[in-house]
Amino acid sequence: MKKILFIGDLRSANNYGAIATTDTLINSICAKIDCNSIKFIGYKSLRLPTPPNGWKKTNQISIKNKLRDLSPSFIKRIWAKKDHYKRIDFVPFLFSQYESYAKSMVGGDIMQYEKKMIENSDIIYINGEGNIVNGTDRYGKYRIGGLYILFVAWVAKVKFSKTVCLVNHTVDPANMDVWEIINNVYPQLDYVYVRERLSVAKLHEQGIFNIKFVPDALFSYTPQKEWKPSKQLSKVIDFTRPYICIGDSSGIKNVYNKVKWDVVDVMSELISKLKKVIPQVIFIDGYNGGNEDVNQIIKKLDLGCIRLQNTTYHDLYQILKEASIFISGRWHASILAVLSGTPILLWGSDSHKTRSLYELLNYSYPFFEVNTLPIHIDEIISSSIEIINNKERINKELLEHVKVLADLSKENTELLFELYEK
């Protein structure tokens, strides 16, 4: 049997989507392959140089529990550091640097852990996720996570002659330097699976055709059969009354960009008007307490708030299932909503991914650019009312599309099974 190196184990990330989709992907793999025989490179290595002997091992269950126990004030400090971090360029940020970095890696000067893991593996299986999206910092350099997986994919194929699979990801870097890297890396790889068709179109525009559309692994998610809200959740949401769920977006604020409009004023106006449609509005906080504007909105409007600290992604699925509508700019939370049949109304994120979800679902309702959100509040309200009034029909249509996407998404892991057994 082949030896597998799984790069991009994001279960320890502070993000619903990263945890949920990676967990689903790994659970699917472990259903057929003994996961004790698979080596993993996790989230931290996509941010900081891995020590030569790897990071100190941490039990994954304890990581999840720790995430739920993190206070919003602690998360806020993490987000603050993201805005002012000292960048360490342990991977190349230009394609012209690839050969010199590869020479240093092969020589044992950098990335010693990755070198050892690649050498001892037959198949390099990379969970690309949301790493190759918009993100250029104030120094003109692209996001480190995207640069990491691109370089590791290239060096594993070109310098170590391994079978390399880059799966489950979006490609929308908005950076010409990164497109040069992609143009030189992707044609070398054995398998490239992107999770939505807008990425396929952009890669085709670049003349890259050794790619395939395979939906996000989260479409393969199987919800818990028996579920009831915890006492903590029942204090946040009155499940006996209807409610709207609203979320934020990585496009509102991230390390690389921030919208120009006043987040507190605009979102407060939107939510206040939504309350006139359905009085109970629940905020799904993708920043987990780390965005002061979001914290202020929740406090100002006295909203029930869902965060990693009080809700797992399994709980989030059930919460969204009971919602009248989910309004957001979050990709994975929106997938959880449509998996349950709950209608969505979306705006932009840090890439084209939320817009691409409409295309996957053949969804006919308006999509909103995050930068122009303030002038579309009334349209969001009127669209929400129309969607809620047609929820039963939309529910059936969504579930039909989801069934197809769920079947197609299984190829993310079926590919690995075939390679493993060769």
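The values are calculated or read from the model by the stated rules, or taken from the named source; none is laboratory data. Because the structure is a prediction, the values reported are computed rather than measured. Counting neighbours? That spans all protein chains shown, and the Cβs are built from the backbone with ideal geometry, glycine included.
Computed values, structure above
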{"quantity": "Test: residue in the range 389-403 that is of a type in the set (S, T, N, Q), farther than 18 Å from Y317 by Cβ, outside the structural domain of P173 (by TED's automatic domain parsing) and touching a residue at least 60 places away in the same chain (Cβ under 8 Å)", "calculated": "no"}
{"quantity": "Residues being in contact with a Lys or Arg (Cβ under 8 Å, 6 or more places away or on another chain) and without any contact (Cβ under 8 Å) to a residue 60 or more places away in the chain - total across the range 257-278", "calculated": "3"}
{"quantity": "Cross-chain or 6+ apart pairs with Cβ under 9 Å, the range 77-101 first and more than 13 Å from I181 (Cβ to Cβ) and acidic (D, E), then modelled with pLDDT under 95 and assigned to a loop (DSSP other than H, G, I, E, B)", "calculated": "D83/V255"}
{"quantity": "Residue that is farthest from L416 (Cα to Cα), among those in the range 211-255 that are surrounded by fewer than 21 Cβ atoms within 10 Å (Cβ to Cβ) and of a type in the set (S, T, N, Q)", "calculated": "T240"}
{"quantity": "Residue among I244, I284, I298 that alone is β-branched (V, I, T), touching a Cys at 6+ places or on another chain (Cβ under 8 Å) and farther than 22 Å from T22 by Cβ", "calculated": "I298"}
{"quantity": "The range 151-193, residues that are of a type outside the set (D, E, K, R) and within 19 Å of the chain's Cα centre (by Cα)", "calculated": "C165, L166, V167, N168, H169, T170, V171, P173, A174, V192, Y193"}
{"quantity": "Residue match in the range 174-187 (condition: under 18 Å from F95 (Cα atoms) and aromatic (F, W, Y))", "calculated": "yes"}
{"quantity": "Exclusive hit being in a helix (DSSP H, G or I), more than 25 Å from W261 (Cβ to Cβ), hydrophobic (A, V, I, L, M, F, W, C) and not assigned by TED's automatic domain parsing to the domain that holds Y142, set L360, L373", "calculated": "L360"}
{"quantity": "Test result for G290, more than 22 Å from T24 (Cβ to Cβ), small (G, A, S) and surrounded by 22 or more Cβ atoms within 10 Å (Cβ to Cβ)", "calculated": "yes"}
{"quantity": "Extreme residue, surrounded by the most Cβ atoms within 10 Å (Cβ to Cβ), among residues of the range 139-166 that are in contact with a strand residue (DSSP E or B) (Cβ under 7 Å, 6 or more places away or on another chain) and farther than 19 Å from Y420 by Cβ", "calculated": "V152"}
{"quantity": "Residues that are crowded, with 21+ Cβ neighbours inside 10 Å and either among the β-branched types (V, I, T) or within 12 Å of the chain's Cα centre (by Cα) (or both), drawn from the range 30-42", "calculated": "I41"}
{"quantity": "Candidates D285, D293, D302 - the one that is farther than 22 Å from S12 by Cα, among the acidic types (D, E) and under 25 Å from the mean Cα position of the chain (by Cα)", "calculated": "D293"}
{"quantity": "Subset of the range 309-344 (residues that are assigned to a helix (DSSP H, G or I) and more than 18 Å from the chain's Cα centre (by Cα))", "calculated": "Q318, I319, K321"}
{"quantity": "D137 modelled with pLDDT under 95 and of a type in the set (D, E, K, R)", "calculated": "yes"}
{"quantity": "Residue match in the range 153-162 (condition: assigned by TED's automatic domain parsing to the domain that holds W55, touching a Ser or Thr at 6+ places or on another chain (Cβ under 7 Å) and more than 20 Å from A18 (Cβ to Cβ))", "calculated": "yes"}
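Every residue, every condition in (1) crowded, with 20+ Cβ neighbours inside 10 Å; (2) modelled with pLDDT under 95; (3) of a type in the set (F, W, Y), yes or no:
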position	(1), (2), (3)
G17	yes, no, no
T24	yes, no, no
R47	no, yes, no
P52	no, no, no
D69	no, yes, no
I75	yes, yes, no
K81	no, yes, no
V91	yes, no, no
